[in-house]
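Enquirer: Structure in structure tokens, see below.
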Amino acid sequence: MTFRFLLRRAFTFIVLFLGITIISFAIIHLAPGRPADALTELNPKVSLEVRERLTRLYGLDLPLHIQYIRWVKRCVRLDLGTSFSDGEPVLKKIAKTLPVTLLINTVSLALILILGIPLGIATALHTRRLGARLIDLLILVLFAVPTYWLALLAIDLVSVRWRLLPPFGLEGIDHAALPATAQLFDTIRHLALPITLSSLTGLAAITRYVRQNTLETLEQGFIYACRSRGLTSRTILMHHVFKSTLLPVITITGLSLPGLVGGSVLFESIFGIPGTGRLFYDAVLMRDYAVIMALLTLGAFLTLAGNGLADLGYALADPRIHREKS
Amino acid sequence: MAHSGFLTRIVLKNRLKISGGFFLGLLVLGPTRSCPAAEETRPQQGDTLVLTMPGAPRTYIPILASDTTSASVCGFLFNGLVKYDKDLNITGDLAASWDIEEGGRVLVFHLRRDVRWHDGVPFTADDVRFTYEKLTDPAIRTPYSGDFTQIKDLKALDPWTIRVVYAEPFAPALASWAIGIMPYHILKGVNLNQGHFPDRVIGTGPFCLRSERSQDIVELMRNDDYFEGSPFIDRIAIRIIPDESSVLLGLLTYEVDAASLTPLQYERQTQTLFFQKEYQKFTSPGFGYTYLGYNLDDPRFQDPRVRRAFNLAVDKTAVIRAVLLGHGEVITGPFLPRAWAYDTRVADPGYHPDQARSLLENAGWRDDDRDGWLEKNGREFAFTILLNQGNLQRRQAAEMIQKDLKTVGVRVRLKVLEWNTLLGEFLDKGRFEAVLLGWALGRDPDIFDIWHSSKTRPGEFNFIHFKDPEVDRLLEAGRRTFNQTEREHFYRAVHRILQDQQPTMFLYGTQSLDIVSSRFQNVSSSLIGIGHNMRAWWVPRSRQRHTIRMAP
């Protein structure tokens, strides 16, 4: 049964994955415009020949399905091609931007889970207390307010008015000349604002999910059964409630897997962070097909993988789930 | 335009500069505020200048550098054979002198013998020959090959003499040699298309690249061995900041020392006491102009009276005041107002909607049905202006044109398109009625590619399909002689014809607005921008901010 479950998942995975790449490939190539240096002002010194040469060099004059097959063949060999804009291998480009985005998003995700779950349970257990209500309200506000706006406010307060933290960038100008501990401190100072702000929305979301779920679980019949068996509140909480509150956490964590590598364009622009969000955005503007496809493929893969892992996690946390399905 | 919306700052703002050493780009009329008196008057070494650019350099190969950042950074790292001096005259850079022979068909460059690459290897004619070979190699993705394909033969007569033979006299040739010369001993056998030096970047310029340490900061160190004398500033650090409002934050938090500002930032957001104390600001005319181009295959625009009427109907001064907050100037022709080719005697006819209306009436456009819109043979005069996304200033200018033309009875619609779409699907294919765009111009007045009737194939730059035999003849003559007086004569004649014919409505030339921390001394204006003497910028020791010594 479990084996069939896995097999079916794997099959869907492959079909979906191929489908996504075909659709992405078709859409970006059929969209009007073509790769070129993006210029707002035309400069006559960039001649027509250059544009035609670019087209030939990258085989953009071939029929679309042949271009796609060529792309798949290269991908199988793990060759994602080279960027149109500067000739750099796409893998290298992604490797340069990914660590930053990954670092920020992983730390944020960790913060979200570490703070969000206890906070959610706590607010669920103490719904009548003023503190819990205030936290609840605050979380609702955080969830609703656009992060970029909060980010701008935070920069204005923390960086401009109080001069506590740098407003953007990953490191200070003198970073390279600092001793190792000072370098670490410099990096932390630069990442403090972006990480805090990118955690806020996620924190609000997970706290609300956990809170809601805990409240629902607490009203279930088996909790009364536990109580009547004389179990302590602590045991009930740790052994029975906690496990079921994990479900939404698993879903959200699984679904945020692609989010780990896909940086937010707006966010990375505001904080001047050279991450994958900015790479993707620039690539789209320049019609840098190789980079766009590589990032879309990576995103598709991780989305599907995240979904798959979430399903598996569910199956492990709640055996009813795959029994119902299979 | 020089200053534009958020989108544009990231990648679209991307103009070509075939030039060495021009910081932030542009020419300067004068500082709006003078430097504070320094306690120490003798220039001192040290400190770091922190600049910002909207994107990371895509390449350090000068012949591939087509985006603003790459071109600017290459300007610090490399030299051409020639350069423009602060008065916009061509002078020697790596070439000490040159001879123009056989009526301009042959250029002989005598190279400086005291130049060494950043790794200590002497610079010779081999490097020039190598750069030329790469420029004309069809496999290399350089946008600068155009001027060099005119070369018939290039020979090194000895290690310090280069003889370049052109198929016919070609005036823009001399200026084209401002292209950065690349080191043969490092790059031979390297595939330049991958855009990077095999190990570290080796140039001849006043600064050398320290490291490509991240996508975040590009660091340039002083070249102590620079042939014209090393700079005073130890280091230039370029912060990549795509968002223009973040640039302002950088200035406010001392994270950034110098930047280009938008008119709004210049006029409204940097007027506080803080900025007056900490920064000096500079205004400079830019190297581009904005225009409204008509599709001259459209029968309505084939009548010059209609085009002249439109020119009279639009209040350009009002556009400059509202959109650029005054930081621009009305232009009357296809050259930059500071260029010698620009005929200053050609006057703008001014804003005269009444004359415009009667001209349109002469051309047969009347409001017979009294609905406020003009008609001819029962057809209303309505057309669409295309413009590109992400350029707020152009959008606002278009709206003002729309309003002005409405008052003379012409209905204008605006359509904003993504840049590549605008170019590929509409301009190249001739599917447009009018378009609001800008031209970025080089320092040589050769505008053959924009106005010659042979340049109307899809993808070429005469997409408005302007055809005038007299202009063709003048443009051909203008690139065949090196004599500036003769060229001036030809180009000013072109200027007069274009003002009379109005194939496009010349709107305004933009300005470049720069801000520099007031601790930098000796920052001054010139016709090529505030970067003309960057080697002479210095900071009094008491005000130096970055005193940590860096290993090169």
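The values are calculated or read from the model by the stated rules, or taken from the named source; none is laboratory data. The structure displayed is predicted, hence computed values, not measured ones. Note that each Cβ is placed from the backbone with ideal geometry, even for glycine, and that neighbours are counted across all protein chains shown.
Enquirer: In the set B:197, B:148, B:123, which member is free of Cβ contacts under 8 Å to residues at least 60 places away in the same chain and either among the aliphatic types (A, V, I, L, M) or closer than 19 Å to residue B:79 by Cβ (or both)?
Expert: Going through B:197, B:148, B:123 in turn, just one is free of Cβ contacts under 8 Å to residues at least 60 places away in the same chain and either among the aliphatic types (A, V, I, L, M) or closer than 19 Å to residue B:79 by Cβ (or both): B:148.
Yes/no per residue for (1) modelled with pLDDT under 85; (2) touching a Phe, Trp or Tyr at 6+ places or on another chain (Cβ under 7 Å); (3) within 14 Å of residue A:121 (Cβ to Cβ):
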residue: A:185; (1), (2), (3): no, no, no
residue: A:196; (1), (2), (3): no, no, no
residue: A:211; (1), (2), (3): no, no, yes
residue: A:220; (1), (2), (3): yes, no, no
residue: A:236; (1), (2), (3): yes, no, yes
residue: A:251; (1), (2), (3): yes, no, no
residue: A:255; (1), (2), (3): yes, no, no
residue: A:261; (1), (2), (3): yes, no, no
residue: A:264; (1), (2), (3): yes, no, no
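Enquirer: Which one of these does residue B:510 not meet: (1) within 21 Å of residue B:171 (Cβ to Cβ); (2) crowded, with 21+ Cβ neighbours inside 10 Å?
Expert: Condition (1) is where residue B:510 drops out.
Enquirer: Report yes if residue B:86 is surrounded by 15 or more Cβ atoms within 10 Å (Cβ to Cβ) and within 17 Å of the chain's Cα centre (by Cα), otherwise no.
Expert: Values: surrounded by 15 or more Cβ atoms within 10 Å (Cβ to Cβ): yes; within 17 Å of the chain's Cα centre (by Cα): yes.
Yes, satisfied.
Yes or no, residue by residue, for (1) β-branched (Val, Ile, Thr); (2) surrounded by fewer than 21 Cβ atoms within 10 Å (Cβ to Cβ):
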{"position": "B:487", "(1), (2)": "no, no"}
{"position": "B:497", "(1), (2)": "yes, yes"}
{"position": "B:522", "(1), (2)": "no, yes"}
{"position": "B:526", "(1), (2)": "no, yes"}
{"position": "B:530", "(1), (2)": "yes, no"}
{"position": "B:539", "(1), (2)": "yes, no"}
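Enquirer: Working carefully through the options B:367, B:404, find the one that is modelled with pLDDT under 95 and more than 14 Å from every other protein chain (Cβ to nearest Cβ). I'd like the intermediate steps shown before the answer.
Expert: Details: B:404 fails: modelled with pLDDT under 95.
When all the criteria are applied, what remains is B:367.
Enquirer: Can I ask one more? What are the residues in region B:130-152 that are of a type in the set (S, T, N, Q) and either within 20 Å of residue B:71 (Cα to Cα) or away from chain A (no Cβ under 14 Å) (or both), if any?
Expert: Within region B:130-152, B:131, B:136, B:142, B:145 meet the criteria.
Enquirer: Could you name every one of the helices (runs of 4 or more DSSP H) located completely within region A:208-261 that has at least 2 residues being free of Cβ contacts under 8 Å to residues at least 60 places away in the same chain and surrounded by fewer than 14 Cβ atoms within 10 Å (Cβ to Cβ)?
Expert: Details: elements: A:221-228, A:242-255, A:257-261.
Where helices (runs of 4 or more DSSP H) fall fully within region A:208-261 and carry at least 2 residues being free of Cβ contacts under 8 Å to residues at least 60 places away in the same chain and surrounded by fewer than 14 Cβ atoms within 10 Å (Cβ to Cβ), they are A:221-228.
Enquirer: Could you tell me which numbered condition residue B:94 fails, if it satisfies all but one of (1) free of Cβ contacts under 8 Å to residues at least 24 places away in the same chain; (2) crowded, with 17+ Cβ neighbours inside 10 Å; (3) over 24 Å from residue B:480 (Cα atoms)?
Expert: (1)
Enquirer: Take region B:199-217 and flag every residue that is in a strand (DSSP E or B) and at pLDDT 90 or above. Talk me through it step by step, then tell me what you get.
Expert: Initially, region B:199-217 is screened for residues in a strand (DSSP E or B), giving B:207-211, B:217.
Residues satisfying the conditions are B:207, B:208, B:209.
Enquirer: What residue, among those in region B:364-384 that are among the small types (Gly, Ala, Ser) and touching a strand residue (DSSP E or B) at 6+ places or on another chain (Cβ under 8 Å), is surrounded by the fewest Cβ atoms within 10 Å (Cβ to Cβ)?
Expert: Of all residues in region B:364-384, those among the small types (Gly, Ala, Ser) come to B:364, B:372, B:378, B:382.
Remaining after also requiring touching a strand residue (DSSP E or B) at 6+ places or on another chain (Cβ under 8 Å): B:364, B:382.
On the way: B:364: 13, B:382: 15.
Among those that are among the small types (Gly, Ala, Ser) and touching a strand residue (DSSP E or B) at 6+ places or on another chain (Cβ under 8 Å), it is B:364.
Enquirer: When you check residue B:166 against the structure, is it of a type in the set (Phe, Trp, Tyr) and in contact with a Leu (Cβ under 6 Å, 6 or more places away or on another chain), yes or no?
Expert: Values: of a type in the set (Phe, Trp, Tyr): yes; in contact with a Leu (Cβ under 6 Å, 6 or more places away or on another chain): no.
No; evaluated as a whole, the condition is false for this residue.
Enquirer: Further question: Has region A:182-192 got at least one residue that is over 16 Å from residue A:118 (Cβ atoms), within 14 Å of chain B (Cβ to nearest Cβ), surrounded by fewer than 19 Cβ atoms within 10 Å (Cβ to Cβ) and of a type in the set (A, V, I, L, M)?
Expert: yes
Enquirer: Which members of region A:267-323 meet the condition of being hydroxyl-bearing (Ser, Thr, Tyr) and either without any contact (Cβ under 8 Å) to a residue 60 or more places away in the chain or within 13 Å of another protein chain (Cβ to nearest Cβ) (or both)?
Expert: Taking region A:267-323 first, the residues hydroxyl-bearing (Ser, Thr, Tyr) are A:269, A:276, A:281, A:289, A:297, A:303, A:314.
Selection gives A:269, A:276, A:281, A:289, A:303.
Enquirer: Kindly establish whether residue B:308 is basic (Lys, Arg) and over 21 Å from residue B:393 (Cα atoms).
Expert: Values: basic (Lys, Arg): yes; over 21 Å from residue B:393 (Cα atoms): yes.
In short, yes.
Enquirer: Can you confirm whether region B:270-288 contains a residue that is of a type in the set (Asp, Glu) and either modelled with pLDDT under 95 or at positive phi (or both)? Please lay out each step first, then the result.
Expert: Step one: of region B:270-288, the residues of a type in the set (Asp, Glu) are B:278.
Now narrow it down to the ones that are either modelled with pLDDT under 95 or at positive phi (or both): none.
No, that holds for no residue.
Enquirer: So which pairs qualify, if the first residue must be in region B:411-424 and away from chain A (no Cβ under 13 Å) and under 16 Å from residue B:384 (Cβ atoms), the second must be charged (D, E, K, R) and in a strand (DSSP E or B), the Cβ gap must be under 6 Å, and the two must be at least 6 apart or on different chains?
Expert: Short answer, once both residue conditions are applied: none.
Enquirer: Given the conditions (1) over 30 Å from residue A:281 (Cβ atoms); (2) at pLDDT below 95, which single one is not true for residue B:467?
Expert: With respect to (1) over 30 Å from residue A:281 (Cβ atoms); (2) at pLDDT below 95, residue B:467 is out only on (2).
Enquirer: Now, a different point. With (1) closer than 24 Å to residue B:480 by Cα; (2) surrounded by fewer than 17 Cβ atoms within 10 Å (Cβ to Cβ) as the list, and residue B:164 as the residue in question, which single condition is left unmet?
Expert: With (1) closer than 24 Å to residue B:480 by Cα; (2) surrounded by fewer than 17 Cβ atoms within 10 Å (Cβ to Cβ) applied to residue B:164, the lone miss is (2).
Enquirer: Select from region A:143-174 the residues that are touching a residue at least 24 places away in the same chain (Cβ under 8 Å), surrounded by fewer than 19 Cβ atoms within 10 Å (Cβ to Cβ) and farther than 20 Å from residue A:100 by Cα and list them in ascending order.
Expert: Within region A:143-174, A:143, A:150, A:152, A:158 qualify.
Enquirer: Ok, one more. Given the conditions (1) surrounded by fewer than 20 Cβ atoms within 10 Å (Cβ to Cβ); (2) within 14 Å of another protein chain (Cβ to nearest Cβ); (3) of a type outside the set (A, V, I, L, M, F, W, C), report the number of the one that residue A:101 does not fulfil.
Expert: Here residue A:101 clears every test but (1).
Enquirer: Failed condition for residue B:307, given (1) of a type outside the set (Gly, Ala, Ser); (2) more than 26 Å from the chain's Cα centre (by Cα); (3) surrounded by fewer than 21 Cβ atoms within 10 Å (Cβ to Cβ), with all others met?
Expert: That leaves (3) as the condition not met.
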